[in-house]
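Visitor: First the structure, which I've put down as structure tokens, then a few questions once you've had a look.
The values are calculated or read from the model by the stated rules, or taken from the named source; none is laboratory data. As the structure is a prediction and not an experimental result, all values here were calculated from the model. Every residue, glycine as well, gets a Cβ built from its backbone with ideal geometry; the counts of neighbours run over all protein chains shown. The area values use the complete protein model at the heavy-atom level, side chains included, leaving out ligands, DNA and RNA. Shrake-Rupley method; radii C 1.70, N 1.55, O 1.52, S 1.80 Å.
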Amino acid sequence: MGYQESWSGKINRKLIKKQHIIDVAAGRVKADLVLKNATYVDVFSGELATDDIAVAEGLIVGLGSYSGVEEVDMTGFIVCPGFLDAHIHLESSLVSPAEFARSVLPHGTTTVITDPHEITNVMGESGIDYMLAATEGLPVDVRFMLPSCVPASPMDESGAELDYRDIDSYFTHPRVQGLAEMMNFPGIIAADGSTVAKIVASQAHHKKIDGHAPGLQGNDLNAYIAAGVYSDHECSDLEDALAKLKRGQFIMIREGTAARNLEALMPLILSEKLFDRCMFCTDDKHPNDLLEKGHIDYICREAVRMGADPIRTVQVACLHAARYFLLNNRGAIAPGYLADFAIVDDLKDFHVRTVYKKGVRVYHDGIVADFEKPPIPAYLEDRAHDTFHLPVLKPEDFAEPRRKAVIGMVEGQIITEDRGYADGIDVHKDILKMAVIERHKNTRHIGIGYLSGYGLKSGAVATSVAHDSHNIICVGCSDSDMAYAANRVAENKGGIVVVKDGTVLAELPLEIAGIMSDQPLVQVNQALENAKAAAHALGVGTGIDPFMTLSFMSLPVIPTLRLTTRGVIDVNTQQFI
């Protein structure tokens, strides 16, 4: 009886709320908020329109002539739907989810689709739980795609291994949209049972499956898409994108910190036939990029600068991702949609003046409204701050008398190339030693290889941000400095360290799972920029992000060569070399 009364009360409250919405829409009672004289982007008709925008109960309820309890004149501005990021790893910002939200609100972002596979590779299911708790109730709506590859490849060593049984219960969470980027495309193509089972599980819950298959072609691409993979964000050239579009995939045009594909994929936005299957994403976004450039607003600005129609650009930035993820009440300004607004000066610079989330002003003229940081259960906090389990390292741990493969960096890309073999460090030829040290389970595994194209002339650089398993990755000119740098990362419970001759030149502690900081973005960015300057002073090329670039050298799902805790791997053949 108690349950029936509770259910009845809930229905009654919803009924009263719905009646209020209808009364406001019909003009019988005042709206909670009215944006008066609003010129807004009509993403359905593809034009600018001017009306009053009435808001009640967090929803847009009417377009026309309205009065409200609160009225704000929009003359001289343009109202856009809140921007959506179709694919991001919040951990890449290097700050907590709450601080991330505080950082993107000034850029008009009101919804992001995150894949927490960085922290999940460190903490397993506890990582998913941590991120769900840390994002609950934030003024940016954080939706989740469940990590599909923990670890990213069977060739890697993570802090956990998740199969479909481990993630299945999460599909029923109200903020889970589906299965995140299926990086193990070789496993899908080979019809590996444990890999395909994750897709089957997601489809059983009627959820989306995102892809990650750079350069996949022919029957392999057919097999990958036929398995049920609906999208791809790894297209770095037009040919790759067109091949996937023609086979029915949606394309996430990525413009982040590590990979910038907007310019190469601009023809998609310029095409009337293709642009409606495209959306914007950042994938990875470092602090300096967020502070100096922006978020989705920056992509919009760049797209228009490259010749895109401004209205079409807003459609790609808002409606298309919402439609793809079946978030049917956002991405547009129309009755029944969430009152999420990014109010800009114009559709050229996309300078965001004000942001509303569900009808509440959360940002205005440089000031983010105060909000409470979501509470995180103590056991998850403790777990997140205790993720390093490895012995103290010695220089001899990095000794390697045998010839090892040389991983060649490619300028401006995160792909690599095979540059033969080396039997030692040769700074003059830009051949440096690189190591990946397992740090989760005290296995004492250390993979050794060589790196070309980084430019370091002395000292060492180490970081625990090493995709996707987030072991410690270190590159240096001497075994002693490499050992010192790696030990310092472990002492700090994670982070970035630049050393020379046994002295720390700069560092950024990342105490949350070894990949995020508890500190504000500005403070994190300052420490990060100091570390970059120190690395560049030691010879790292000025056009290279010393840490973002290094972090991808251990990711065994992007061609051609990568370094794992067990050695150098050829990604194309999934064989150690």
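Visitor: Across segment 499-517, which residue is farthest from GLU91 (Cα to Cα) among those that are charged (D, E, K, R) and surrounded by 15 or more Cβ atoms within 10 Å (Cβ to Cβ)?
Guide: Checking each candidate, the answer is LYS500.
Visitor: Could you say which residue among GLY514, GLY476, GLY494, GLY455 is at positive phi and over 24 Å from the mean Cα position of the chain (by Cα)?
Guide: Result of the check over GLY514, GLY476, GLY494, GLY455: GLY455.
Visitor: Considering segment 162-184 alone, what residues qualify as being outside any helix (DSSP H, G or I), of a type outside the set (S, T, N, Q) and touching a residue at least 12 places away in the same chain (Cβ under 8 Å)?
Guide: Those that are outside any helix (DSSP H, G or I), of a type outside the set (S, T, N, Q) and touching a residue at least 12 places away in the same chain (Cβ under 8 Å): LEU162, ASP163, HIS173, ARG175, VAL176, GLY178, LEU179, ALA180, GLU181, MET182, MET183.
Visitor: Only one of ALA317, ALA303 is of a type in the set (Gly, Ala, Ser), in contact (Cβ under 8 Å) with a residue 60 or more places away in the chain and surrounded by 23 or more Cβ atoms within 10 Å (Cβ to Cβ). Can you tell me which?
Guide: Of the residues listed, the single one that is of a type in the set (Gly, Ala, Ser), in contact (Cβ under 8 Å) with a residue 60 or more places away in the chain and surrounded by 23 or more Cβ atoms within 10 Å (Cβ to Cβ) is ALA317.
Visitor: Also, I was wondering about something else. Looking at segment 529-566 only, could you name the residues that are at pLDDT 95 or above, open to solvent by 10 Å² or more (accessible area, probe 1.4 Å) and not in a loop (DSSP other than H, G, I, E, B)?
Guide: The answer is GLU529, ASN530, LYS532, ALA533, ALA534, HIS536, ALA537.
Visitor: Which condition from (1) under 18 Å from PHE325 (Cβ atoms); (2) open to solvent by 10 Å² or more (accessible area, probe 1.4 Å); (3) among the aliphatic types (A, V, I, L, M); (4) not in a loop (DSSP other than H, G, I, E, B) is the one that LEU138 breaks?
Guide: Here LEU138 meets the rest and fails (4).
Visitor: When residues of segment 541-577 are filtered for being among the charged types (D, E, K, R), within 19 Å of ASP284 (Cβ to Cβ) and in contact with a strand residue (DSSP E or B) (Cβ under 9 Å, 6 or more places away or on another chain), how many remain?
Guide: 1
Visitor: Follow-up question, since we're still on this one. Please verify whether GLN523 is over 20 Å from ALA466 (Cβ atoms), under 25 Å from the mean Cα position of the chain (by Cα) and open to solvent by 30 Å² or more (accessible area, probe 1.4 Å), treating the condition exactly as stated.
Guide: yes
Visitor: For segment 351-380, give me each residue that is of a type outside the set (D, E, K, R) and crowded, with 18+ Cβ neighbours inside 10 Å.
Guide: Within segment 351-380, VAL352, THR354, VAL355, TYR356, GLY359, VAL362, TYR363, ILE376, LEU380 qualify.
Visitor: Here is a check on your reading of the model: is ARG383 under 30 Å from SER236 (Cβ atoms), out of contact with any Leu (no Cβ under 8 Å at 6 or more places or on another chain) and surrounded by 11 or more Cβ atoms within 10 Å (Cβ to Cβ)?
Guide: So ARG383 fails the test.
Visitor: Further question: Is there any pair with a first residue in segment 388-407 that is farther than 11 Å from ASN487 by Cα and a second that is open to solvent by 100 Å² or more (accessible area, probe 1.4 Å) and part of a strand (DSSP E or B) whose Cβ atoms are under 8 Å apart and which are 6 or more apart or on different chains, and what are they?
Guide: Close Cβ pairs satisfying both conditions: ARG403/TYR421; LYS404/TYR421; ALA405/TYR421; VAL406/TYR421.
Visitor: Yes or no: segment 316-328 includes at least one residue that is over 23 Å from SER92 (Cβ atoms), under 23 Å from the mean Cα position of the chain (by Cα) and in a helix (DSSP H, G or I).
Guide: Within segment 316-328 (the criterion being over 23 Å from SER92 (Cβ atoms), under 23 Å from the mean Cα position of the chain (by Cα) and in a helix (DSSP H, G or I)), the answer is yes, since at least one residue qualifies.
Visitor: Those residues that are in contact with a Phe, Trp or Tyr (Cβ under 7 Å, 6 or more places away or on another chain), farther than 18 Å from PHE552 by Cβ and β-branched (Val, Ile, Thr), I need them from segment 79-126; list them, please.
Guide: Across segment 79-126, the qualifying residues are VAL79, THR109, THR110, ILE113, THR114.
Visitor: Looking only at strands (runs of 3 or more DSSP E) that fall completely inside segment 37-115, which ones have 1 or more residues that are over 20 Å from ASN328 (Cα atoms), open to solvent by 30 Å² or more (accessible area, probe 1.4 Å) and in contact with a helix residue (DSSP H, G or I) (Cβ under 8 Å, 6 or more places away or on another chain)?
Guide: It comes to 47-56.
Visitor: While we're on this one: If ASP166 satisfies all but one of (1) open to solvent by less than 20 Å² (accessible area, probe 1.4 Å); (2) touching a helix residue (DSSP H, G or I) at 6+ places or on another chain (Cβ under 7 Å); (3) not aromatic (Phe, Trp, Tyr), what's the number of the condition it fails?
Guide: Status for ASP166: all satisfied but (1).
Visitor: Can you find even one residue in segment 394-406 that is under 21 Å from PHE552 (Cα atoms), out of contact with any Leu (no Cβ under 8 Å at 6 or more places or on another chain) and open to solvent by 40 Å² or more (accessible area, probe 1.4 Å)?
Guide: The answer is yes, given that some residue of segment 394-406 is under 21 Å from PHE552 (Cα atoms), out of contact with any Leu (no Cβ under 8 Å at 6 or more places or on another chain) and open to solvent by 40 Å² or more (accessible area, probe 1.4 Å).
Visitor: Restricting to segment 390-413, count the residues that are closer than 26 Å to ARG488 by Cβ, out of contact with any Lys or Arg (no Cβ under 6 Å at 6 or more places or on another chain) and in a loop (DSSP other than H, G, I, E, B).
Guide: 6
Visitor: Just to be sure, is VAL29 surrounded by fewer than 17 Cβ atoms within 10 Å (Cβ to Cβ), touching an Asp or Glu at 6+ places or on another chain (Cβ under 9 Å) and β-branched (Val, Ile, Thr)?
Guide: Answer is yes for this residue.
Visitor: Would you mention how many residues in segment 232-253 are outside any helix (DSSP H, G or I) and either open to solvent by 10 Å² or more (accessible area, probe 1.4 Å) or acidic (Asp, Glu) (or both)?
Guide: Within segment 232-253, residues that are outside any helix (DSSP H, G or I) and either open to solvent by 10 Å² or more (accessible area, probe 1.4 Å) or acidic (Asp, Glu) (or both) number 8.
Visitor: Next question. Restricting to segment 208-234, what's the tally of residues that are closer than 17 Å to THR195 by Cβ, under 15 Å from the mean Cα position of the chain (by Cα) and not acidic (Asp, Glu)?
Guide: Final tally of qualifying residues: 2.
Visitor: Kindly list, by first and then second residue, each pair from a residue in segment 39-59 that is free of Cβ contacts under 8 Å to residues at least 24 places away in the same chain to a residue that is among the hydrophobic types (A, V, I, L, M, F, W, C), limited to pairs with Cβ atoms under 8 Å and residues at least 6 apart or on different chains.
Guide: Partner pairs satisfying both residue conditions: ALA49/LEU63; THR50/ALA38; ASP51/ALA38; ASP51/LEU63; ASP52/VAL34; ASP52/LEU35; ASP52/ALA38; ASP52/LEU63.
Visitor: Is one or more of the residues making up segment 263-279 at pLDDT below 95 and among the small types (Gly, Ala, Ser)?
Guide: no
Visitor: Let me ask something else. Take the conditions among the β-branched types (Val, Ile, Thr), at pLDDT 95 or above, surrounded by fewer than 24 Cβ atoms within 10 Å (Cβ to Cβ) and closer than 16 Å to MET409 by Cα and apply them to ILE431. Does it pass?
Guide: Answer is yes for this residue.
Visitor: Another question, if that's okay. Considering each residue of segment 267-296, count those that are open to solvent by 10 Å² or more (accessible area, probe 1.4 Å), farther than 24 Å from VAL465 by Cβ and in contact (Cβ under 8 Å) with a residue 12 or more places away in the chain, and give that number.
Guide: Total meeting the criteria: 6.
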